[in-house]
Amino acid sequence: MNSVFNEHPSRRITDDFIEKSVSEALASFNGNREEADNPNTGIGAFRFMLESNKGKSMLEFQELMTVFQLLHWNGSLKAMRERQCSRQEVLAHYSHRALDDDMRTQMAADWVNREQSVASTIALEVASTERELEDARLAGRELRFYKEKKDILMLAVGQLNAANTATLPSH
């Protein structure tokens, strides 16, 4: 039902929607108008993402936001910043990529690497994610980000188990 609502023509990103959303964000975070015009600020990046997705449905934008939430959670955005990638370059790269098995597999591999550096990293993150998922469910919030996090972590567990099985001595 949500997708029917979100795909309705009136649920598309328009200039009016962008202005209203940015104004609400400025009010929520006590920001000033200059922040909204600076793509290096959080609100400016939000405006940039909205403007880059003008005409798209809310569902399409929500999917893109989930990708960026996952990239932030996974540390990929930080790594890109360290490589001097601009927000515009990152947005241009990821705004045309769907959250697919390749992206999930790469993120899971990142968690496997973390686990190999610090034992129990994945177990702690799974426990935290399960709590967040349940809290979001009980609060009636969107669940996709938390579900995707859990799926990526479970994929990482599977990759670890496969790697451990492959390295066990056979009798």
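Observations
- Within the range 1-104, helices (runs of 4 or more DSSP H) holding 2 or more residues that are hydrophobic (A, V, I, L, M, F, W, C): 2-7, 15-28, 42-52, 58-74, 76-82, 87-94
- Test: residue in the range 113-129 that is surrounded by 14 or more Cβ atoms within 10 Å (Cβ to Cβ), outside any helix (DSSP H, G or I) and either among the small types (Gly, Ala, Ser) or in contact (Cβ under 8 Å) with a residue 24 or more places away in the chain (or both): no
- Qualifying positions in the range 47-63 - closer than 22 Å to GLU35 by Cα and not polar (S, T, N, Q): ARG47, PHE48, MET49, LEU50, GLU51, LYS54, PHE61
- Residue that is surrounded by the fewest Cβ atoms within 10 Å (Cβ to Cβ), among those in the range 130-160 that are in contact (Cβ under 8 Å) with a residue 60 or more places away in the chain and basic (Lys, Arg): ARG144
- Close pairs from the range 5-22: first surrounded by 13 or more Cβ atoms within 10 Å (Cβ to Cβ), partner hydroxyl-bearing (Ser, Thr, Tyr) and modelled with pLDDT under 95, Cβ under 7 Å, at least 6 apart: ASN6/SER57; GLU7/SER57; ARG11/SER57; ARG12/SER57
- Any hit, the range 136-153, residues being of a type in the set (Asp, Glu) and either over 21 Å from GLU60 (Cβ atoms) or in the same structural domain as LEU59 (by TED's automatic domain parsing) (or both): no
The values are calculated or read from the model by the stated rules, or taken from the named source; none is laboratory data. What you are looking at is a predicted structure, and each value in this text was computed from that prediction instead of being measured. Note that we place each Cβ from the backbone using ideal geometry, even for glycine, and neighbour counts take in every protein chain shown.
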